[in-house]
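Trainee: The following block contains the structure, expressed as structure tokens.
The values are calculated or read from the model by the stated rules, or taken from the named source; none is laboratory data. Just so it is clear, the structure is predicted and the values come from calculations on it, not from any experiment. Cβ coordinates were reconstructed from backbone atoms using ideal geometry, including for glycine residues, and neighbour counts include every protein chain displayed. These area figures cover heavy atoms from the full protein model, side chains too; ligands, DNA and RNA do not enter into them. Shrake-Rupley method; radii C 1.70, N 1.55, O 1.52, S 1.80 Å.
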There are 2 protein chains.
Amino acid sequence: MGSSKIDFFHVLYNSKETGTKARFGVITTSHSKIETPVFMPVGTAGAIKAVENRELEEFDTRIILANTYHLYLRPGIDILSLAGGLHNFMNWKSSILTDSGGFQVFSLSGLKKVRDEGVEFASHLDGSRHLLTPEKAIDVQRIIGSDIMMSLDECLPNPSDRRTVEKSIRRTFDWEKRCLQHFKLTENKYGFPQYLFAITQGGTFKDLRQRSIEDLSELDFHGNAIGGLAVGEPVDVMYELVNFSTDLLPFEKPRYLMGVGTPVDLLECVDRGIDMFDCVLPTRNARHGRLFTSRGEINIRNSKFSTDFRLIDDEYSTYVSQNFSFAYIRHLFMAKEILGMQLASVHNLGFYLKLMEKIRESIRENRFKEFKMNFIEKYKSKDFNN
Amino acid sequence: MGSSKIDFFHVLYNSKETGTKARFGVITTSHSKIETPVFMPVGTAGAIKAVENRELEEFDTRIILANTYHLYLRPGIDILSLAGGLHNFMNWKSSILTDSGGFQVFSLSGLKKVRDEGVEFASHLDGSRHLLTPEKAIDVQRIIGSDIMMSLDECLPNPSDRRTVEKSIRRTFDWEKRCLQHFKLTENKYGFPQYLFAITQGGTFKDLRQRSIEDLSELDFHGNAIGGLAVGEPVDVMYELVNFSTDLLPFEKPRYLMGVGTPVDLLECVDRGIDMFDCVLPTRNARHGRLFTSRGEINIRNSKFSTDFRLIDDEYSTYVSQNFSFAYIRHLFMAKEILGMQLASVHNLGFYLKLMEKIRESIRENRFKEFKMNFIEKYKSKDFNN
């Protein structure tokens, strides 16, 4: 396992600029080479909402995220097993990361009962009862056949008091150790290796974050995630906790900040040493007519766009921004055409993926800080008059 | 106008088989060469529902249909005029045919008042009052800038009694003459020629159909449509009226059967001499999980598809049928993923367009009757076990 870990991730380049922990690396799975920092589009139920696989390939998506909780409930592990795993089922050629299911159990399902063994929950679809244990989380992800699996952690509401968080990180540590143990006792089902990440927790308490990181770093995981952030705390607190965490997390393993974030968040957290991100923002906002552009996020329904026949963005070009005007996309949303959601989703994901590409390039060329400053200045200008 | 008419359409090949009026031809606009028989995907509001332009290009779509009524109400002619017409607005490079708006006025809008001048109606969107006259129908289509425009006709509910239909075809004749006159008095707005079709009516009364055809055929339209069919009459009645009509319609002008139909309808009506079709069926059915395949139309939600991991169709291949299984598409529909509607729409339109391509090929090779028979036999078998 030691050697596969070394092959799994390499930091290839550390920015030589002062005042940044930004780094360029590569994760290698049997499905793809993933250059980091990377943003992973979210494909909750085995589909990126409103975006086709070939469109993801078009902007060189090397890894997507899928949700174990959703896939476990529908189509279910029997079908996924018969299909030969999720890659086959959805015909996705590149890598897949799955979460453990924990986050959705804690946020979506009803009638949760948490005990040391695991968490009992009722499906949000049909109320059926299920027990998610650390071992079960691994078993299900073995059947899904994701390239990178996540350990089961306890997800607390924010804010949670110190005593609750302290108790929770002990349980999380116990669950994750069991995940790792079960991971080592089981094998991949489809002939390619799977990797397992730990999730560090600790709420907004630095010393508890430190304890969680120190406990988990000892163990033989392939990567480390920071969980429990971007759940309502102020953005400056989030940045500070990320910065604090990356100072403690091992250098030689990928660092994944779960569920983050806006384009500015990505830049701020790359700056603080994060390698991997996922977020529903680009696709969810797209479905609500909110488009990301280099000059800020816009609400395409705004009437000022009704006669704006310029193409959407000249700098972060996608199929959409190269072919369609503000006015046309606005019309699609006003007319409630599904195509509006599709084009906005393709555009937003394309924007995110191209942003990450530019970030990686700027790190390799020791101009990340400059790139970040220029991007944020333009992005916050919201200047659509030139 | 005479010479442009000759350039506009040519019958290039008549099937030499006995018992068919199937013919292969070409319509030439300044945007595309359209081989006939052709099926035109319906882009009601300036967008084919859930399908991107590049996907239409992928299966060589040379012409789409857009609805004047919808575009007139939203985005409205001011925006379409500023955009430089619908081609520019939606960035569609090939041809566009627009209906006159009449059909939707009669079927969708409220508070209709029909008089000789035109039809007054209330928008189904906001209740605003509008008057659609033959002249207005042309003016709006001039602003839309479609390649082929349709004349304004009166659309009756089915069934309508003989006296109502007789009165209506007189009004339709009068309106269409006014359309033609106004067409000749006005010019295209965007530097490319537009063409104008007549619509023949007559309900289910052969002698009234004959009168409508004879009246309108005298006039200098570029093509003729058969309207008022596929509105609830038995399919055999429809086929018989199509057959009757094509015997009377001029040979040298394209014949367009409006709003038809199923794959079998297309074959039956090509057989009876139709050159052009449009129908919402492939896209509408797709959004409801109904997929067209060479072995019949299926409801992908059917549980028998839940573990059917075969690709959807080996014969009418599209991006979708080449890449995704019955089971995966079913999962997308069960999980209410927008992507399900997208992939089903791409698949169904691809199926229709490829069917038309095979039809044209079979006509040129004098094996249309055989192709038709084989297609229908397999299509009606609904045999998904081999």
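Trainee: If you take every DSSP beta bridge whose two residues both sit in the protein assembly as shown, what share of them, in percent to the nearest 5, is antiparallel?
Mentor: 50 percent
Trainee: Need one number for the range A:5-69: average projected area of the convex hull over its C-alpha atoms, nm². Please list the in-between numbers first.
Mentor: Values: hull surface 24.9 nm².
That works out to 6.2 nm².
Trainee: Which whole number of Å³ per residue matches the convex hull of the alpha-carbon atoms in the range B:159-270?
Mentor: 114 Å³
Trainee: Where does each of A:Asp383, B:Asp247, B:Asp278 land when they are ordered by accessible area, with a 1.4 Å probe and the largest first? Kindly include the intermediate steps, with their values, before the conclusion.
Mentor: On the way: A:Asp383 45, B:Asp247 105, B:Asp278 15 Å².
In descending accessible area the options line up as B:Asp247, A:Asp383, B:Asp278.
Trainee: Please give the charge dipole size of the protein assembly as shown, origin at the Cα centre, charges +1 on K and R Cβ atoms and -1 on D and E Cβ atoms. Round to the nearest 20 debye.
Mentor: 760 debye
Trainee: Output the relative contact order of the range A:235-386, whole-number percent, from Cα pairs under 8 angstrom with separation of 6+ residues.
Mentor: Computed value for the range A:235-386: 22 percent relative contact order.
Trainee: Starting from the 7 Å offset along Cα-to-Cβ, what nm value, one decimal, do you get for the label separation of A:Asn299 and B:Glu240?
Mentor: 5.9 nm
Trainee: Follow-up. Sorted from largest down, what three extents in whole angstroms do the Cα atoms of the range B:251-386 have along their principal axes?
Mentor: On the principal axes, the range B:251-386 reaches 50, 29, 21 Å in Cα extent.
Trainee: Can you give the % of DSSP beta bridges in chain A that are antiparallel, to the nearest 5?
Mentor: Around 50 percent antiparallel, to the nearest 5.
Trainee: Scan chain A and note any complete DSSP helix (H) whose C-alpha atoms cover at least 18 Å along its axis and whose Kyte-Doolittle average is 0.5 or more.
Mentor: Numbers: long enough: A:162-185 (34 Å, -1.25); A:235-248 (20 Å, 0.58); A:338-364 (39 Å, 0.27); A:368-381 (20 Å, -0.96).
TM-like helix candidates: A:235-248.
Trainee: Run the accessible area of the range B:1-137 with a 1.4 Å probe and give the carbon-and-sulfur part as a rounded percent. List each step's numbers first, then the result.
Mentor: Details: 2660 of 5050 Å².
Within the range B:1-137, the accessible surface is 53 percent carbon and sulfur.
Trainee: Pop out the ³J(HN,Hα) list for the range B:303-308 in order, Karplus 6.51 cos²θ - 1.76 cosθ + 1.60 with θ = phi - 60°, rounded to Hz; leave Gly and Pro as x.
Mentor: 5, 5, 8, 5, 10, 8
Trainee: Work out Dmax and Rg for the range A:107-157 from the C-alpha atoms and quote the Rg first, both in angstrom.
Mentor: Cα only, the range A:107-157: 11.6, 31 Å (Rg, Dmax).
Trainee: Can you grab the distance from the C-alpha centre of the range B:280-357 to the C-alpha centre of the range B:55-113, Å, no decimals?
Mentor: 26 Å
Trainee: Over the alpha carbons of the range A:37-94, what is the largest minus smallest coordinate on each principal axis, giving the biggest first in Å?
Mentor: So the extents along the principal axes, rounded to whole Å, are 32, 22, 18.
Trainee: Follow-up. Run the helix sum for chain A: -39,500 (n - 2.57) per DSSP H stretch of 4+ residues, divided by residue count, reported at 222 nm to the nearest 500 deg cm²/dmol. Let's see the in-between values first.
Mentor: Details: 16 runs with 167 residues, N = 386.
So the calculated ellipticity at 222 nm is -13000 deg cm²/dmol.
Trainee: Let me ask something additional. Is the C-alpha gyration tensor of the range B:120-206 telling us rounded, prolate or oblate? Criteria: a/c under 1.5 is rounded; beyond that, a/b larger than b/c is prolate, otherwise oblate.
Mentor: Cα axes put the range B:120-206 in the oblate bin.
Trainee: Let me ask another. Considering protein heavy atoms only and a 1.4 Å probe radius, which residues within the range A:19-50 exhibit an accessible-area decrease of no less than 10 Å² in the full assembly relative to the chain by itself?
Mentor: Buried on complex formation: A:Ala45, A:Gly46, A:Ala47, A:Lys49, A:Ala50.
Trainee: Still on this structure, I have one more. Against the globular-protein guess of 2.2 N^0.38 Å, express the Cα radius of gyration of the range A:40-167 as a ratio, rounded to two decimals.
Mentor: Working it through for the range A:40-167, the quotient is 1.11.
Trainee: Additional query: Given the options B:Ile34, A:Leu355, A:Gly85, identify the residue whose Cα lies farthest towards the positive end of the charge dipole of the protein assembly as shown (+1 on Cβ of Lys, Arg; -1 on Cβ of Asp, Glu).
Mentor: The one lying farthest along the dipole's positive direction is A:Gly85.
Trainee: Let me ask something else about it. Roughly how large is the B-A contact in terms of buried accessible area, totalled over both chains, probe 1.4 Å, nearest 100 Å²?
Mentor: So the buried area, both faces added, is about 3500 Å².
Trainee: Here is a further query. How high is the relative contact order of chain A, given as a whole-number percent (alpha carbon pairs under 8 Å, six or more residues apart)?
Mentor: Working: 731 pairs, mean separation 65.2, N = 386.
Answer for chain A is 17 percent.
Trainee: Once the label point is set 7 Å along the Cα-to-beta-carbon vector, what list of distances in nm do you get between A:His124 and its counterparts in the other copies?
Mentor: Sorted ascending, the copy-to-copy spacings read 3.4 nm.
Trainee: Rank by packing, highest mean first: peptides A:183-190, A:140-147, B:33-40, A:25-32, with packing defined as the count of other Cβ atoms within 10 Å averaged across residues. Intermediate values should be presented prior to the final figure.
Mentor: Numbers: A:183-190: 14.0, A:140-147: 24.6, B:33-40: 23.1, A:25-32: 18.6.
Descending packing order for the listed peptides: A:140-147, B:33-40, A:25-32, A:183-190.
Trainee: For chain B, go through all pairs of different Cα atoms, get the mean of 1/r, take its inverse, and jot down that Kirkwood value in Å.
Mentor: 21.4 Å
Trainee: While we're looking at this one, here's another question. I want to verify the translational diffusion coefficient of the range B:183-237 in µm²/s; compute it with Stokes-Einstein, Rh as the Kirkwood radius over Cα pairs, at 10 °C and 1.306 mPa s.
Mentor: Approximately 121 µm²/s, per Stokes-Einstein.
Trainee: Let me ask you something else. Could you list which residues have their amide H under 5 Å from that of B:Met40, counting only those 5 or more apart in sequence or on another chain, with H placed in the peptide plane?
Mentor: Correct list: B:Phe277, B:Asp278, B:Cys279.
Trainee: Excluding same-chain residues fewer than 8 positions from B:Lys253, which lysines have a Cα within less than 18 Å of its Cα?
Mentor: The reachable lysines, counting only those whose Cα sits under 18 Å from B:Lys253, are B:Lys5, B:Lys21, B:Lys33, B:Lys177.
Trainee: Above 41 Å lies some portion of the pair distances; for the protein assembly as shown, what is it as a whole percent of all C-alpha pairs? Before the final figure, lay out the partial values.
Mentor: Details: 123227 of 297606 pairs.
The share of Cα pairs beyond 41 Å in the protein assembly as shown comes to 41 percent.
Trainee: Turning to a different aspect of this structure: Mind listing the phi-derived Karplus ³J(HN,Hα) values for the range B:20-34, rounded to whole Hz, using 6.51, -1.76 and 1.60 with θ = phi - 60°, and x for any glycine or proline?
Mentor: Per-residue couplings from phi come out as 9, 9, 4, 9, 10, x, 9, 9, 10, 10, 6, 9, 6, 9, 10 Hz.
Trainee: On to the next question. Over the protein assembly as shown, with the other protein chains present, what is the accessible area per residue in square angstrom, probe 1.4 angstrom?
Mentor: Numbers: 28680 Å² over 772 residues.
For the protein assembly as shown, the solvent-accessible area averages 37 Å² per residue.
Trainee: Label points 7 Å out from Cα along the Cβ direction at A:Phe251 and A:Arg364: separation in nm?
Mentor: Once both label points are built, they end up 2.2 nm from each other.
Trainee: Let me ask something else. Can you report the principal axis dimensions of the range A:305-378 using only the alpha carbons, biggest first, rounded to whole angstrom?
Mentor: Over the range A:305-378, Cα extents along the principal axes are 46, 21, 16 Å.
Trainee: Report, for A:Asn188, each distance to the same residue's label point in the other copies, shortest first and in nm; define the point 7 Å along Cα→Cβ.
Mentor: Sorted ascending, the copy-to-copy spacings read 5.9 nm.
Trainee: Between the DSSP loop rule and a limit of at most 12 other Cβ atoms within 10 Å, which chymotrypsin sites (Phe, Trp or Tyr not before Pro) in the range B:202-268 are left?
Mentor: When the chymotrypsin sites (Phe, Trp or Tyr not before Pro) of the range B:202-268 are filtered for loop state and at most 12 Cβ neighbours within 10 Å, B:Phe251 remain.
Trainee: With θ taken as phi - 60° and the coefficients 6.51, -1.76 and 1.60, list the Karplus ³J(HN,Hα) couplings across the range A:51-62 in order, rounded to whole Hz; mark glycine and proline as x.
Mentor: Those phi angles translate into 10, 7, 3, 5, 6, 5, 5, 4, 9, 6, 6, 9 Hz.
Trainee: Relative contact order for the range B:99-202 using alpha-carbon pairs under 8 Å, separation at least 6, rounded to a whole percent?
Mentor: Worked out over the range B:99-202, it gives 28 percent.
Trainee: Shortest first and in nm to one decimal, what separations exist between A:Asp78 and its copies in the other chains, measuring from label points 7 Å along the Cα-to-beta-carbon line?
Mentor: Listed shortest first, these distances are 6.0 nm.
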